[in-house]
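Peer 1: Sharing a structure here in structure tokens format.
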Amino acid sequence: MMSAYVVSWLLEIRLGKAGCMNNHLNQRRAGILLHITSLPGNGKTGDLGEEAYNFVRFLHDSGVTVWQTLPLGVTHGDGSPYQCMSAHAGNPDLISLEWLEQKGWLQNTDRYDSRYSDSLEKSSLLARAYKGFQGLASQEDQKDFKQFCKDKAFWLDEFAVFYALRNEHGQCGWNNWPDGLKNRKPSVLRAAKRRLSKIIEVIKFEQYVFFKQWKALKDFAQQNGVLIFGDIPIFVSYDSADVWANREVFKLDKDGDMEVVAGVPPDYFSENGQRWGNPHYDWDYLQKTGFKWWLERIKTQDEMFDILRIDHFRGLEAAWEVPADEETAINGQWVVAPGFELLKKITETYPSLALVAEDLGIITDEVEKLRDDFKLPGMKILHFAFGDGADNPYLPHNCSPNSVIYTGTHDNDTTLGWFYSLNDGEKYRVYQYLGFSKTEMPFTLIGTAFSSVANLAIIPMQDLLHLGGDCRMNTPGTTEGNWQWRFSWDQLSEQDSGTLKHLVHMYGRAQ
């Protein structure tokens, strides 16, 4: 039986006094999915510099009003934005060096090649920029930096120490540090902070610059009528400042090791399931503390994004726990989570943030109810639509306005890669439903998404560019060769740009 406050909350939703149906999501819009790292440019990865502004201009000119990115956190060596070292910190690799030059904080740039070879070299340039900032920044900028450190202290202080220690120990995970540091012995931590004080300040400066650049880009997007759509992984990386500094939030043993890890059972993406290796939450502790850790996490996202996708939303109803010594995710079990209570806290605390539920995979009636209780749009993937009968939930005629429809996501093949991998019978079913000739892919599927009743339609940039499977962003269940794809403007023809604009306006998605 539902508690009285749950019944009251649901009544408020039905009366229109509560819930998450945000104005951003209750009108027809078109969006492009492109991670910041995939932007063009001379550097090793795309960044928050001029090409990001060019992309906003392109979206504006096309009538597209949503730019969806992947998570923007500090990645590990594999580059996955879903396994980051902080739930709050931004990735310094995304910082524009040209912006620092324009500010006058980074000088003598003839000493380096802008096509820097790795993160270490960029880190040294950022350290040099901090010295320039100390000597050349205005009093207003100096004051702004101090205020940033004060406002973000609830996560920045621990992250800066964690990141400095991790660098000192050769990128070794915190669970392999000396016991005094691993277990956060106060006297040992104080000594480390003194020893690494200059490095800690540089790390805080990097975060200041990242968020300064991000805010400028977001403001520019807003001026051009473009909303920024972010993504929050439901779990955090074990090797992160969050776990190191907040062990009580997670299911760890007395030595700080994981007994169970997160993942998903076998599904469309992998016959062995996916063993993600993230620690599970101690939901009892989180509830006792009023979900303070989660609310602080959402605070950062609320400031960064207009719309936020909760990745693996079904984990807020029940999550797949796998024994830590298992090599695959097959032998796990579902463990119930207090998703209703958490979402209630989030939506009450941050009412302006529009949430989207990534409700893919094994979805139960309980998961759908949790999504619908808060009026959250779910996701419809057209690549999944044609393998079953007319009741397939991903077919356009089964979509609802309160949903987000995609041709595919960052975890899917590109539309051309998907289509040409089908057998003749599967292709025939697609032909039957959509009524097109082979040469019209991928724009037929793009048009199908835009013509649907779903309020928001998102297209991966690869599909707009007619790219094949060799240009996909990620292959779930693999660790090599992912997160590296980038586009160049010469891949975008005037014809395709014009067709995009035509479809956006024809199907009433331009604002």
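The values are calculated or read from the model by the stated rules, or taken from the named source; none is laboratory data. Owing to the predicted nature of the structure, the values given are computational and were not obtained by experimental measurement. A quick note on method: Cβ atoms are made from the backbone with ideal geometry, for glycine too, and the neighbour counts reach across all protein chains shown.
Peer 1: Can you find a residue in the stretch 235-247 that is of a type outside the set (S, T, N, Q), surrounded by fewer than 20 Cβ atoms within 10 Å (Cβ to Cβ) and under 20 Å from residue 159 (Cα atoms)? Let's see the steps before the verdict.
Peer 2: Narrowing the stretch 235-247 to residues of a type outside the set (S, T, N, Q): 235-236, 238-239, 241-245, 247.
Narrowing the set further to residues that are surrounded by fewer than 20 Cβ atoms within 10 Å (Cβ to Cβ) leaves 245, 247.
Those still in the list that are under 20 Å from residue 159 (Cα atoms) too: 245, 247.
Yes; the residues of the stretch 235-247 include at least one that is of a type outside the set (S, T, N, Q), surrounded by fewer than 20 Cβ atoms within 10 Å (Cβ to Cβ) and under 20 Å from residue 159 (Cα atoms).
Peer 1: Filter the stretch 246-262 down to the residues that are touching a residue at least 12 places away in the same chain (Cβ under 8 Å), assigned to a helix (DSSP H, G or I) and charged (D, E, K, R) and list them by number.
Peer 2: Selection gives 248 alone.
Peer 1: Please work out if residue 402 is farther than 14 Å from residue 509 by Cβ and modelled with pLDDT of 95 or more.
Peer 2: On the way: farther than 14 Å from residue 509 by Cβ: yes; modelled with pLDDT of 95 or more: yes.
Yes.
Peer 1: Can you tell me which residue among 415, 439 is at pLDDT 90 or above and not small (Gly, Ala, Ser)? Full working, then the answer.
Peer 2: Details: 439 fails: at pLDDT 90 or above.
Only one candidate passes the filter, namely 415.
Peer 1: Step by step: first the residues of the stretch 418-429, then only those that are of a type outside the set (Ser, Thr, Tyr) and surrounded by fewer than 20 Cβ atoms within 10 Å (Cβ to Cβ), then the one that is nearest to residue 469 (Cα to Cα). Which residue is that? Full working, then the answer.
Peer 2: First, the residues of the stretch 418-429 that are of a type outside the set (Ser, Thr, Tyr): 418-419, 422-427, 429.
If we keep only those that are surrounded by fewer than 20 Cβ atoms within 10 Å (Cβ to Cβ) as well, we get 422-427, 429.
Details: 422: 13, 423: 16, 424: 18, 425: 20, 426: 18, 427: 17, 429: 21 Å.
Per the stated criteria, the residue is 422.
Peer 1: For residues that are at pLDDT 90 or above, among the polar types (S, T, N, Q) and either touching a Ser or Thr at 6+ places or on another chain (Cβ under 7 Å) or part of a strand (DSSP E or B) (or both), tally how many sit in the stretch 1-53. Full working, then the answer.
Peer 2: Let us first name the residues in the stretch 1-53 that are at pLDDT 90 or above, namely 24-41, 45-53.
So of that shortlist, the ones also among the polar types (S, T, N, Q) come out as 26-27, 37-38, 45.
Narrowing further to those that are either touching a Ser or Thr at 6+ places or on another chain (Cβ under 7 Å) or part of a strand (DSSP E or B) (or both): 37, 45.
Total meeting the criteria: 2.
Peer 1: Regarding residue 198, is this residue of a type in the set (Lys, Arg), closer than 21 Å to residue 343 by Cβ and surrounded by fewer than 19 Cβ atoms within 10 Å (Cβ to Cβ)? Step through it out loud before you land on a result.
Peer 2: Values: of a type in the set (Lys, Arg): yes; closer than 21 Å to residue 343 by Cβ: no; surrounded by fewer than 19 Cβ atoms within 10 Å (Cβ to Cβ): yes.
Against the criterion (of a type in the set (Lys, Arg), closer than 21 Å to residue 343 by Cβ and surrounded by fewer than 19 Cβ atoms within 10 Å (Cβ to Cβ)), residue 198 does not qualify.
Peer 1: For the stretch 315-352, enumerate the residues that are of a type in the set (Val, Ile, Thr) and either surrounded by fewer than 18 Cβ atoms within 10 Å (Cβ to Cβ) or under 15 Å from residue 374 (Cβ atoms) (or both). Steps first, answer last, please.
Peer 2: Our first condition is that a residue be of a type in the set (Val, Ile, Thr); within the stretch 315-352, this holds for 322, 328, 330, 335-336, 346-347, 349.
Selection gives 328, 330, 335, 336, 346, 347, 349.
Peer 1: To continue, here is another question. Out of 472, 509, report the one residue that is surrounded by 15 or more Cβ atoms within 10 Å (Cβ to Cβ), of a type outside the set (Asp, Glu) and under 20 Å from the mean Cα position of the chain (by Cα). So that I can check it myself, show each step before the final result.
Peer 2: Working: 509 fails: under 20 Å from the mean Cα position of the chain (by Cα).
Of the residues listed, the single one that is surrounded by 15 or more Cβ atoms within 10 Å (Cβ to Cβ), of a type outside the set (Asp, Glu) and under 20 Å from the mean Cα position of the chain (by Cα) is 472.
Peer 1: In this structure, does residue 145 turn out to be exposed (fewer than 14 other Cβ atoms within 10 Å of the Cβ), touching a helix residue (DSSP H, G or I) at 6+ places or on another chain (Cβ under 8 Å), assigned to a helix (DSSP H, G or I) and at pLDDT 95 or above? Steps first, please.
Peer 2: Values: exposed (fewer than 14 other Cβ atoms within 10 Å of the Cβ): no; touching a helix residue (DSSP H, G or I) at 6+ places or on another chain (Cβ under 8 Å): yes; assigned to a helix (DSSP H, G or I): yes; at pLDDT 95 or above: yes.
Criteria not met by residue 145.
Peer 1: Out of all the residues in the stretch 117-133, is one or more part of a loop (DSSP other than H, G, I, E, B) and modelled with pLDDT of 95 or more? Full working, then the answer.
Peer 2: Taking the stretch 117-133 and keeping what is part of a loop (DSSP other than H, G, I, E, B), we get 117-118.
Narrowing the set further to residues that are modelled with pLDDT of 95 or more leaves none.
The answer is no, given that none of the residues of the stretch 117-133 is part of a loop (DSSP other than H, G, I, E, B) and modelled with pLDDT of 95 or more.
Peer 1: When you scan the stretch 211-228, do you find a residue that is out of contact with any Phe, Trp or Tyr (no Cβ under 7 Å at 6 or more places or on another chain), among the β-branched types (Val, Ile, Thr) and not in a loop (DSSP other than H, G, I, E, B), even just one?
Peer 2: Looking through the stretch 211-228, none of the residues is out of contact with any Phe, Trp or Tyr (no Cβ under 7 Å at 6 or more places or on another chain), among the β-branched types (Val, Ile, Thr) and not in a loop (DSSP other than H, G, I, E, B).
Peer 1: Which helices (runs of 4 or more DSSP H) sit wholly inside the stretch 263-356 and have at least 3 residues that are among the β-branched types (Val, Ile, Thr)? It would help to see each step written out before you state the result.
Peer 2: Details: elements: 283-288, 292-304, 339-349.
Once the helices (runs of 4 or more DSSP H) in the stretch 263-356 are filtered for at least 3 residues that are among the β-branched types (Val, Ile, Thr), what remains is 339-349.
Peer 1: Taking the criterion of being under 27 Å from residue 80 (Cβ atoms), of a type in the set (A, V, I, L, M) and free of Cβ contacts under 8 Å to residues at least 60 places away in the same chain, would at least one residue in the stretch 417-440 satisfy it?
Peer 2: The answer is no; no qualifying residue exists.
Peer 1: Go through (1) over 20 Å from residue 34 (Cα atoms); (2) surrounded by 19 or more Cβ atoms within 10 Å (Cβ to Cβ) and name the single condition residue 379 misses.
Peer 2: Residue 379 satisfies all of (1) over 20 Å from residue 34 (Cα atoms); (2) surrounded by 19 or more Cβ atoms within 10 Å (Cβ to Cβ) except (1).
Peer 1: Search the stretch 444-467 for residues being of a type outside the set (A, V, I, L, M) and farther than 26 Å from residue 402 by Cβ, and hand back the single one that is surrounded by the fewest Cβ atoms within 10 Å (Cβ to Cβ). It would help to see each step written out before you state the result.
Peer 2: So the first thing to find is which residues in the stretch 444-467 are of a type outside the set (A, V, I, L, M), and the list is 444, 447-448, 450-452, 455, 460, 462-463, 466.
Subset that is farther than 26 Å from residue 402 by Cβ: 462, 466.
Working: 462: 29, 466: 17.
Selected residue: 466.
Peer 1: Would you point out which residue out of 374, 340 is touching a Cys at 6+ places or on another chain (Cβ under 7 Å) and under 27 Å from residue 289 (Cβ atoms)?
Peer 2: Only one candidate passes the filter, namely 374.
Peer 1: With 485, 489 as the choices, which residue is in contact (Cβ under 8 Å) with a residue 12 or more places away in the chain, over 29 Å from residue 271 (Cβ atoms) and touching a helix residue (DSSP H, G or I) at 6+ places or on another chain (Cβ under 9 Å)? I'd like the intermediate steps shown before the answer.
Peer 2: Numbers: 485 fails: over 29 Å from residue 271 (Cβ atoms).
Of the residues listed, the single one that is in contact (Cβ under 8 Å) with a residue 12 or more places away in the chain, over 29 Å from residue 271 (Cβ atoms) and touching a helix residue (DSSP H, G or I) at 6+ places or on another chain (Cβ under 9 Å) is 489.
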